[in-house]
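Note sheet for the following structure.
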Amino acid sequence: MNAIATTAASAQAPASPPLAAPLLRTLVLSDLVDSTALIERLGDLCAAELVRRHDRLVRTLAPQHGGREIDKTDGFLLLFERPIQAVAFALAYQRDLKALGRAEGVELAARIGIHVGDVLTWDNAPADVAQGAKPVEVEGLVKPITARLMQLALPNQILLSGVAHALAHRAQGELGAQLRTVRWRTHGRYRFKGIPDPIPVFEVGEEGLAPLKAPPWSGKAHREVPFWRRPASLAFEALALLVLLVVPAWYLLKPAPAIAFADRDWVVVGDLKNLTDEPAFNDSVGTAFRIGLEQSRYVNVLSDLKVRQTLALMKRDPNQTALDRAVGSEIAIRDGARALILPTIAEIGGRVRVTAEVIDPNTQTTVWSESADGTGADSVLPSLDQVNQKLRVRLGEALATVTKDSKPLEKAATKNLDALRAYSLAASEHAKGNVKQAISLYRQAITFDSQFALARIDLGSALSLTSAGDFNEAISEFRKAVALSDRLSARDALYAQAWLANFESPRTALEKWRLLARMYPDFTRGSGGAGYFSYQSANDFDAAILATEQNAVATNPRRGTGDYLLATLYLGNERYSDAQRRFASAADNGVSNQGIYESYLYAAQRQFGRAEQILAGGKASGITGDDEISWYPRITLALDRGHWDEARTAVARARQETATLKGVLHAEYTLIELGLRALTEPKDAFKPVLADYLKTLAASKTRESPDAQFSLLFAAYLAAHVDSVDLAQSALTGVAPVSRSGDYPYLSSLLAVVEAELARANGQPQQTVAMLKPHIDGREYYFSHSVLMDAYAAQGDYANALAEANWLARHRGRAYVEQFGQIRLRPFNVALSDLALLNAAEFSARLNKPDVARKALGDLRQAWPGADRLPFLQQRLQTLDAGLAAKPSAP
């Protein structure tokens, strides 16, 4: 892929050439050290000749390694496709620069920075280039970070960011024979002025040429180190020790070599090495070690599922590959983990010893190890607690936090090793996708220890998220887990409460998920729940996007699901290009489904051919009920093109196919049919149909359930919409407490819209506006803008009515993906987005804006080519055409 987006030179070219999409590229910035002093020493002519030779050197080397020159001052700004190309260039440049200096009899040195990131590039117009502009511009955060690395470097030093190092080091074999003399060094994490997050800094160089030592601190950069290793602290400690003459204590307390570990960095936990004769330790001890370490809010542990995915990318069988020092280090480097931890259990001198080694993945050397021992199998879990505590403190977590936020493994999990082993096997099967086997093993773990609350949470979630169980059993497991909160870590207790609230109170569930995401920002199941329920329960697209962006990250093994939700949310905010990129990322991360939401992305932009193509290539789930949801896009896309007969036929077939299914699909399609009839049929013909539907609802045994209440409230709205006040008021007598309590925000919000529409039907449009305006905050129902539009029009305020019509026509992404408790309003919403064009034309005509009215009317006829043949529109269109014909166009 080309790094630079080019535009054809043309006399009609725009003044500002279009930006290419951001591309992942490597930037190199070099600087010739003390170039000003060199000019003073050599004189202008000699220095200019030397600089010309230097520039020829760079311009010869860069293309040889796939680089492109972007800019030049005392040094060069170069663009490369891959980090290893940049490293190869930098090494060759430093070597040839030394040779050039020797040939000229001067000391030449350069400092170089290398970073990888998204760059925006564009070609400047020829006229600008003729006036002195660079041919190509490069921008992006990668540029200042590269500059900071270059400024930090010592003479003859090449510094890389962490991501550049990880990618280049993995490909170092491409350096060929040069590799023998190449050395890599890690210098820890540095904070740069103007850059909010710390940057891991690495060095690459050849022995005898590169300094291969940490660059010094400066006013613009300093290295992150623990408090006790800062110069002032070390000086105080040394002084105190000298005064007290406790020299042996210095050797006892002297810090061991450390990895530059920071808050919320990641670790990989390798396979347990069991050196005892007890096979029960094989699965149970490793799982217990991980559970203990996961209680930390300072240390993040890469999940088993993510490790398996990375092994697959490495072309290794996840079921057969041991997670040893070499493999674990490679996984850590690939996934950006700071350390590898290898646990071991052994029997030494009649005692059982648990040890954990902390490995630097870049060198595969042991940085330090911690151990604890005891007598017999009963000592294993307490020993694991001790080792975990020591590890967390050594990695930089405060001892007070470790003590406060952690429970002994016997409390956070179980002291029964058989239960731990069954749980470990269940988690392994779950990660492989074998959910039925996992459920059986979770149940077996609970059989061994009925107080094993963590196993109950995972059993409940497995039952909830698959067709392998039922919701009643899942709810029972979550209730038992919540009742056993004293047997859970603080995070897992909150996780269990959030799960249970899903089934009891969406409002409480949303509060719990948001709290979980805020307290544990790297716990992707928490941020995923916060994102989904902000969308589904609160209609809060902005909050949902923030949470889901926190979820759709590389360390999340289910990133594809996060990408897909994030794409849907971007679509709901009409961020179409962002949505397109995230749908592509979801596919790259393994998401394969019917393609409904991705088709909506194109339908919202009226690209129906592409939408149909995506639906045709979608993958059916094979699960009864799931595949019947595919009627939704067929109905909605037909409506959006003005094919009302096709839409009505699709609704009828959907109702027929779902009549015998369990669940609410049949009721959903019935309500969709009512909504479309309310928009198209004469009011007097529709009212008896609606009255019969309300009688059926009133006789239902489940009439007070949230789903039935949603149907009742929307039917009451339709009654008010067709000005049947008595029918609407009668329907509202069936409103249950669940709709008023606020526990189901989508019901209480829908009730507010119904009552506002009823005020309009009662001849009080001003009251409608007063009732609805406080709810217009970005979280309101899409169709509430239609209610406002009608209310403004009823009181003769056509300017505000036009504003609401334009809002409806403009927010088509929201119309397609709104899921405020239910999805059954989507076809109705999309129809409103099209009819809003006709409304806009009518209001513009009343405001004496004939040209605006003609434009809106033209947009409607383009969207619905057969609009003039639709019986429910004919009279309105003829009246509007006649009125506009009598009004001249603006000159």
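The values are calculated or read from the model by the stated rules, or taken from the named source; none is laboratory data. Note that the coordinates shown come from a computational prediction; the quantities given were computed from them, not determined experimentally. Glycine gets a Cβ as well: all are built from the backbone with ideal geometry, and neighbour counts include every protein chain shown. Note: accessible area is taken over every heavy atom of the protein model, side chains too, but ligands, DNA and RNA are not part of it. Shrake-Rupley method; radii C 1.70, N 1.55, O 1.52, S 1.80 Å.
Net charge in the neighbourhood of residue 408 (other residues with Cβ under 10 Å of its Cβ; Lys, Arg +1, Asp, Glu -1) is +1. Within the straight-line cut-off of under 18 Å between alpha carbons, the lysines reachable from residue 687 are 695, sequence neighbours fewer than 8 places apart in one chain being disregarded. Here the simple spin-label model places points 7 Å from the Cα toward Cβ, and for residue 593 and residue 508 these points are separated by 2.8 nm. The protection proxy used here, the mean number of other Cβ atoms lying within 10 Å of each residue, ranks peptides 729-740, 266-277, 44-55 as follows, highest first: 266-277, 729-740, 44-55. Near residue 265, the amide H atoms lying under 5 Å from its own belong to 300; only residues 5 or more places off or on other chains count, and H is placed 1.01 Å from N. Taking the C-alpha atoms only, the angle from helix 826-846 to the longest principal axis of the chain is near 70 degrees.
Let a ≥ b ≥ c be the square roots of the eigenvalues of the Cα gyration tensor of the stretch 297-454; is it rounded (a/c under 1.5), or, if not, prolate (a/b larger than b/c) or oblate? Taking the square roots of the gyration eigenvalues as a ≥ b ≥ c, the stretch 297-454 is oblate. Note that the chain presents 45 Å² accessible area per residue, ligands and nucleic acids not counted, probe 1.4 Å.
So if each residue of separation counts as 0.36 nm, and I subtract the Cα-Cα distance between residue 542 and residue 60, what length gain in nm does that give?
Working: separation 482, 0.36 × 482 = 173.52 nm, distance 5.01 nm.
That works out to 168.5 nm of additional length.
Cross-link partners of residue 306 among lysines, defined as those whose alpha carbon lies under 20 angstrom from its own and excluding same-chain residues fewer than eight positions apart: 315, 432. Backbone phi angles across the stretch 367-372, fed through the Karplus curve with coefficients 6.51, -1.76 and 1.60 (θ = phi - 60°), yield HN-Hα couplings of 7, 7, 9, 10, 8, 8 Hz in residue order; Gly and Pro are listed as x.
Summing +1 for each Lys or Arg and -1 for each Asp or Glu, what net charge is found among the other residues whose Cβ lies under 12 Å from the Cβ of residue 511? List each step's numbers first, then the result.
Values: positive: 507, 512, 514, 518; negative: 743.
Spelling it out: positives minus negatives among the neighbours equals +3.
Expressed as a whole percentage, what fraction of the accessible surface of the chain belongs to carbon and sulfur atoms when a 1.4 Å probe is rolled over the protein heavy atoms?
Using a 1.4 Å probe with all protein chains present, the chain comes out at 52 percent carbon and sulfur.
Between amide H atoms placed 1.01 Å from N, distances below 5 Å from residue 415 occur with no residue 5 or more places distant or on a separate chain.
Extension gain for the segment residue 607 to residue 171, taken as residue separation times 0.36 nm less the Cα-Cα distance, is 152.7 nm to one decimal.
Rounded to two decimals, the Cα-based Rg/Rh of the stretch 307-385, with Kirkwood Rh, is 1.07. Our coupling estimate for the stretch 83-90, obtained by passing each phi through the Karplus curve with A = 6.51, B = -1.76, C = 1.60 and θ = phi - 60°, is x, 5, 5, 5, 5, 4, 4, 4 Hz, Gly and Pro reported as x.
Taking a Cβ cut-off of under 15 Å around residue 125, the surrounding Lys, Arg, Asp and Glu residues balance to a net charge of -2, with basic ones at +1 and acidic ones at -1.
Helices in the chain, meaning DSSP H runs of at least 4 residues, each add -39500 (n - 2.57). Divided by all residues, the mean residue ellipticity at 222 nm is -17500 deg cm²/dmol. Compared with the dominant principal axis of the Cα atoms in the chain, helix 417-432 is inclined by about 70°.
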